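The values are calculated or read from the model by the stated rules, or taken from the named source; none is laboratory data. Because the structure is predicted, anything quoted here is derived from the model rather than measured. Reconstructed Cβ throughout: ideal geometry from the backbone, glycine too, with neighbour counts over all protein chains shown.
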Amino acid sequence: MNSMTTLLLIFSIFTLPSFLTSTKAEYVYNICPNTTTFTPNSIFQSNVNHLLSTLSSNANRSTGFYNDTVQTTNNAVYGLFLCRGDVGTDVCETCVADATTEAPKLCPTEKEAVIWYDECMLRYSYESFFSTSAENPGVFLMNAQNVTEQQTRFNQVLAASMNEVATEAANDAYKFATKQTKFSDQITLYSLGQCTQDLSAAVCNRCLAVAIAQLPSCCSGKQGGRVLFPSCNVRYEIYPFYVQSATAPKPTPTEAIIIIPTLCNNFVHTGRSRLSPYIIIVGSILAFIAVTVVLGYCFARRRAVRNNAPSRDDTKTLESLQFDLGTIETATNKFSDNNKLGEGGFGVVFKGTLANEQEIAVKRLSKSSKQGVQEFKNEVALVAKLQHRNLVRLLGFCLEGEETILVYEYVPNQSLDYFLFESKKRERLDWSRRCMIIEGITRGIVYLHEDSRLRVIHRDLKASNILLDENMNPKISDFGMARMFGVNDQTQGNTKRIVGTYGYMAPEYAMEGLYSIKSDVFSFGVLLLEIITGRNNFLGFHLTNGAPTLIGNAWKLWNEGKVLELMDPLLKGSCSPNEFLRYVHIGLLCVQEDANNRPAMSSVVLMLKSETVSLSKPERPAFFTGRCIDHHDQVAVSAHNCSVNGLTISNVVAR
């Protein structure tokens, strides 16, 4: 959903919360962009139906959230639901059931859809969107009643309240928070904020901040309003529209609620709406009080149970991804040599085809590898939590008998080194293609460092670990060496067991075992220089080779004003000298010897995208000229043991 579609709905509210008046989910709005469609009765439609069924069957989870993928070749569908954090599992089940039933009717041939109900939200797409924030399309709703006293102060109190809700929701395990603030003796302000639970705290907070920033333009001076985004939503009212405790202030009941949708002419509407005016007759005050007391009691019990319940751990996640050995053997023709894609330090990679014709890549760990099982467990636990278009997607694993196997999506164009370091194949990589690959790698690393649920340091970024899909889009692979941190501010660590690949390892890591996000920045800098020059940085690390490394040569030519000599001759027709010089400049900033001087990857994104961003002068890079460390108790790496295929096969030799 690339273009911003913003809808303003104006509605009058003189009522009780809708959850008190009806057991059926209250539909709000849906958007189905018609820019991408599928053919009826196609494989894609079958996958959509399968996904919707899976989502509906998982709506009884206590978390109120679930995401899943149904994937066949070129027909993947990604989807999730999110129930409002205060509703019970029965309400959540009803809402998700309604949404999954109505989705095929509301969006019969569109490949993307977002459907909002008062109690839940359903979303699916042909592109992966997990763990990333989407702030468009957006739906704005406002209460037609004006605040009748101290509007300026009301807006100030509202802003403070919403900001507190955003902070609390972003740091909540369920990404949900509510708050009530006393505005006057007669008025209490109720606020709510919620994100999809796949977002990190930082990404959730950013999404909510964007939503809150829309409230002054859509709802200033109004008694209520809300902003609905695919990844988050905020709402405020002067009555309790969410489940409160039994002692919560109660709104004055009136006779009716009327919702009248009105399109604002200043906005473009590309979705469909099924809103229609309706009237709900409200019962007596006694009935309202009784229902409120009952719901408050049930809510208190539900929150107590949810807070005491154990969270879903890695074991449950792994169980849902497990393949049986028979399925793997059938898919790979019993690990036939004809299906072999490559071989490396930890084992062999095979191509396979499942019964539904989905192509997969199977990494079969070597039985003789002393470190293989540990690296396997690390990779599964980590990659299962990561979802991004520039990361290779883990489909499952197998642990059966002596077999230790990882199952990944099949990426048809092999790894970047396959094209980059062979002159004939490199002809396919013109300047625009290389820039696209660099940009995709950058986005993937930013996700690992800043936007994923866990902060991840890859520790083995290199050309053979960048896979290319059918459109030559890059996907980062091999998380066997990765280290992850929680949602706190920790960004570094140290180890005595140094693993990785010479030529890409940052000096502080290779020499002292210190690794951080800046270690990955160094590796990216090397990779960037390799991509734009078509040259391999490994050459300077052979014991018998005294030639300077690519980094050393780049630094030398930079100081001599001869950087254009580095340009791959194949690029001279498609790359402007100034652009090439800027990319070399950025690469040298990334490989500076002092880790503190290297830019963060989010800064690199800005440097690559905008020529107006000024670049500082690079300091001396960390490079070696024909020198090789042979203290094997410190560094467990071989420059000669290179991967044949880049699918999560590390260049590592056991100590």
Of all residues in region 148-178, which are out of contact with any strand residue (DSSP E or B) (no Cβ under 7 Å at 6 or more places or on another chain) and β-branched (Val, Ile, Thr)?
Thr148, Thr152, Thr167
Which fully enclosed strands (runs of 3 or more DSSP E) of region 94-195 have 3 or more residues being at pLDDT below 90, buried (at least 20 other Cβ atoms within 10 Å of the Cβ) and not assigned by TED's automatic domain parsing to the domain that holds Leu394?
138-143
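Residue-by-condition table, conditions (1) within 23 Å of the chain's Cα centre (by Cα); (2) closer than 15 Å to Phe524 by Cβ:
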{"site": "Val392", "(1), (2)": "yes, no"}
{"site": "Tyr410", "(1), (2)": "yes, no"}
{"site": "Ser423", "(1), (2)": "no, no"}
{"site": "Thr442", "(1), (2)": "yes, yes"}
{"site": "His449", "(1), (2)": "yes, yes"}
{"site": "Leu454", "(1), (2)": "yes, no"}
{"site": "Ile457", "(1), (2)": "yes, yes"}
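This table checks each residue for (1) surrounded by fewer than 14 Cβ atoms within 10 Å (Cβ to Cβ); (2) free of Cβ contacts under 8 Å to residues at least 24 places away in the same chain; (3) of a type in the set (A, V, I, L, M, F, W, C).
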residue: Leu564; (1), (2), (3): yes, yes, yes
residue: Cys575; (1), (2), (3): no, no, yes
residue: Val584; (1), (2), (3): no, no, yes
residue: Leu589; (1), (2), (3): no, no, yes
residue: Gln592; (1), (2), (3): no, no, no
residue: Ala595; (1), (2), (3): no, no, yes
residue: Arg598; (1), (2), (3): no, no, no
residue: Met601; (1), (2), (3): no, no, yes
Within region 383-457, helices (runs of 4 or more DSSP H) holding 3 or more residues that are modelled with pLDDT of 90 or more:
416-420, 431-446
Regarding region 65-77, can at least one residue be identified that is of a type in the set (Gly, Ala, Ser), without any contact (Cβ under 8 Å) to a residue 60 or more places away in the chain, in the same structural domain as Arg123 (by TED's automatic domain parsing) and out of contact with any Gly (no Cβ under 8 Å at 6 or more places or on another chain)?
yes
For a quick check of your reading of the model, give me the residue pairs whose first member lies in region 28-47 and is surrounded by 13 or more Cβ atoms within 10 Å (Cβ to Cβ), whose second is of a type in the set (A, V, I, L, M) and part of a strand (DSSP E or B), with beta-carbon atoms closer than 6 Å and at least 6 apart or on different chains.
Tyr29/Val139; Asn30/Ile115; Ile31/Val114; Cys32/Ala113; Asn47/Val70; Asn47/Val77
Report yes if Leu51 is in the same structural domain as Thr178 (by TED's automatic domain parsing), in contact (Cβ under 8 Å) with a residue 60 or more places away in the chain and within 25 Å of Ile360 (Cα to Cα), otherwise no.
yes
When region 547-569 is examined, which residues are found to be modelled with pLDDT of 90 or more and not in a helix (DSSP H, G or I)?
Gly561, Lys562, Met567, Asp568
